[in-house]
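A.B. asks: Take this structure first; my questions come after.
The values are calculated or read from the model by the stated rules, or taken from the named source; none is laboratory data. This is a predicted model, so every value here is computed, not measured. Ideal geometry is used to build each Cβ from the backbone, glycine not excepted, and the neighbour counts take in all protein chains shown.
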Amino acid sequence: MTSDPVRLWGAAAMLLAWLLLCAAIVLRRRLSQRAATRPVQWIVAYASQTGSADHLAQLTVATLKTAGLSALDCSLSELEPAQLRQSDRILFIVSTYGEGDPPDNALRFVRAEMQGAPRLGHLHYAVLALGDSSYAQYCGFGRALDQWLGACGANPLFDRIEVDRGAAPAITAWQEHLCHLAGAVDAPDWSEPAYADWRIVERAEINAGSAGEPVFRVALAPADGVFPDWEAGDLAQVSVPGEPGLPREYSIASLPAEGRLELLVRLHRRADGSHGSASGFLCLHAPLAAPIALRVREHKRFRIGENRWRPLILIGNGTGMAGLRAHFKERDFRAIDCWLVFGERNEASDFHYREDVEASVAMATLVRFDGVFSRDQEQRRYVQHVLRESGAALRDWVERGAAIYVCGGLLTMAAGVHEVLEAELGKAKLEQLADEGRYRRDVY
């Protein structure tokens, strides 16, 4: 038994947080059950991996309420069976994750409802599908949801609207239909928050000699010197010159207390040898003194939230270290256990934020670190191999209440990690963790 007072206080705080979390879950379920029995004129159900659909759902509810209508929003996984079967009007705002997959906060609904065919002839609905046309399964989940609702007899209020990378005309079309249905005249302002002028204060290639494309650490500061608030897990949106309607999103690697907003950017090279518009701008072409249009966007699904006092398992690869670094640096302020599993090509050139990892290990914030460098041995090894070999430790951490955060490439890492987690923890347990917000992913 430890006599370290910091550890004892940390353990006591974790127990208190666990009790509060249990109370919050019970309260939320009771409120949700009550909401299911109350007559609500409109429900807005969203499914979002990075928060875009969540934000649009809030704006949609605000517009309905402006017209004097009762409305509530909830994630698709929080939509109760009674609400689906008794409500007259539900608006669905959903994004697509990966190649046609539902976001994590839609999985419970997919399992519980979309595997069957309930009779929904009473329901009038509309679907706003968010997607990216560069993917083969563009708006795949939104289309699947729309088709399923139609097959169950639900009645569309208007044709499905598809939004390609946040395209304003499609959002405007949704607003117009919404105002027509609600009879709203003075609708709330749906414009995105304004960009601010930022400056690059430091830029450095950090993987010289790597077998992969160059990775740059880009540190920025607001031109007026006033930093906005953000949390570990949040995103920076950068407006690229010549493409103002297509902001690029990057995980923020730093915390506000560090006095800089730091990004990890891999320089993308197209098939013709040219560089990607955003990565080329940030890594090579943006002058240090020139203004860069940037804004911070909260990423609720990758924030620490209710997991603040839980042990944390961080898993990632490549530039996904940015999203993980903010979380384990934030843990430096608390005596709560953290386990980091990070993968890249070679330790000598690709160990991003090595100094920070070693400092957190020395502070015992990172009580375990597994660096997996695939090309440093004859047989390739990846993060999923370490997780499979550490199955007993993984199960022990989860039983102690740990939350799992995954950040990095979908195809290069996250899919394999998900398979191992299912195998080691069991599919039902992993689904339970996702439903509880203890399994969160920021993958691309």
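A.B. asks: Which one of these does TYR405 not meet: (1) assigned to a strand (DSSP E or B); (2) modelled with pLDDT under 95?
C.D. replies: Checking TYR405 against (1) assigned to a strand (DSSP E or B); (2) modelled with pLDDT under 95, the one that fails is (2).
A.B. asks: Would you check which residues across the stretch 218-252 are touching a strand residue (DSSP E or B) at 6+ places or on another chain (Cβ under 8 Å) and of a type in the set (Val, Ile, Thr) and list them?
C.D. replies: The answer is VAL218, VAL238, VAL240, ILE252.
A.B. asks: On to the next question. When you check ALA187 against the structure, is it of a type in the set (A, V, I, L, M), out of contact with any helix residue (DSSP H, G or I) (no Cβ under 7 Å at 6 or more places or on another chain) and outside the structural domain of ARG354 (by TED's automatic domain parsing), yes or no?
C.D. replies: So ALA187 does not fit the description; no.
A.B. asks: Also, I was wondering about something else. Taking the stated definitions as given, is ARG297 touching a Gly at 6+ places or on another chain (Cβ under 8 Å) and closer than 21 Å to TYR195 by Cβ?
C.D. replies: Here the answer is yes, as ARG297 does meet what is asked.
A.B. asks: Considering only residues of the stretch 419-444 that are without any contact (Cβ under 8 Å) to a residue 40 or more places away in the chain and not aliphatic (A, V, I, L, M), which is farthest from ARG111 (Cα to Cα)?
C.D. replies: Per the criteria, the residue is TYR444.
A.B. asks: Further question: Just to verify a result, which residue in the stretch 304-345, among those that are farther than 29 Å from GLY212 by Cβ and basic (Lys, Arg), is nearest to the chain's Cα centre (by Cα)?
C.D. replies: It comes out as ARG308.
A.B. asks: A further question follows. With the condition kept exactly as written, say whether any residue in the stretch 187-196 is surrounded by fewer than 18 Cβ atoms within 10 Å (Cβ to Cβ) and farther than 28 Å from LEU261 by Cβ.
C.D. replies: For the stretch 187-196, residues surrounded by fewer than 18 Cβ atoms within 10 Å (Cβ to Cβ) and farther than 28 Å from LEU261 by Cβ: present.
A.B. asks: Show the residue pairs that are 6+ apart or on different chains and have beta-carbon atoms under 6 Å apart, the first residue being within the stretch 125-152 and in the same structural domain as VAL163 (by TED's automatic domain parsing) and surrounded by fewer than 19 Cβ atoms within 10 Å (Cβ to Cβ), the second being in a strand (DSSP E or B) and among the small types (Gly, Ala, Ser).
C.D. replies: TYR138/GLY131
A.B. asks: Suppose the filter is surrounded by fewer than 16 Cβ atoms within 10 Å (Cβ to Cβ), under 23 Å from CYS283 (Cβ atoms) and in contact with a strand residue (DSSP E or B) (Cβ under 9 Å, 6 or more places away or on another chain); does ALA326 pass it?
C.D. replies: no
A.B. asks: Test of understanding: among ASP189, ASP132, which residue is farther than 23 Å from PRO102 by Cα and not basic (Lys, Arg)?
C.D. replies: Going through ASP189, ASP132 in turn, the sole match is ASP189.
A.B. asks: For the stretch 87-105, state whether one or more residues are over 30 Å from PRO247 (Cα atoms), among the hydrophobic types (A, V, I, L, M, F, W, C), crowded, with 18+ Cβ neighbours inside 10 Å and outside the structural domain of GLU431 (by TED's automatic domain parsing).
C.D. replies: Within the stretch 87-105 (the criterion being over 30 Å from PRO247 (Cα atoms), among the hydrophobic types (A, V, I, L, M, F, W, C), crowded, with 18+ Cβ neighbours inside 10 Å and outside the structural domain of GLU431 (by TED's automatic domain parsing)), the answer is no, since none of the residues qualifies.
A.B. asks: Can you tell which of ALA428, ALA414, ALA423 is in a helix (DSSP H, G or I) and loosely packed, with under 14 Cβ neighbours inside 10 Å?
C.D. replies: ALA428
A.B. asks: Another question, if that's okay. Can you tell me which residues in the stretch 243-272 are part of a strand (DSSP E or B) and in contact (Cβ under 8 Å) with a residue 60 or more places away in the chain?
C.D. replies: Within the stretch 243-272, GLY245, LEU246, PRO247, GLU249, TYR250, SER251, LEU261, GLU262, LEU264 qualify.
A.B. asks: Further, regarding this structure: State whether one or more residues within the stretch 290-299 are out of contact with any Asp or Glu (no Cβ under 9 Å at 6 or more places or on another chain) and either surrounded by fewer than 17 Cβ atoms within 10 Å (Cβ to Cβ) or assigned by TED's automatic domain parsing to the domain that holds LEU394 (or both).
C.D. replies: yes
A.B. asks: Moving on. Any idea which of (1) of a type in the set (Ser, Thr, Tyr); (2) crowded, with 22+ Cβ neighbours inside 10 Å; (3) touching a helix residue (DSSP H, G or I) at 6+ places or on another chain (Cβ under 9 Å) is the one SER360 doesn't satisfy?
C.D. replies: (2)
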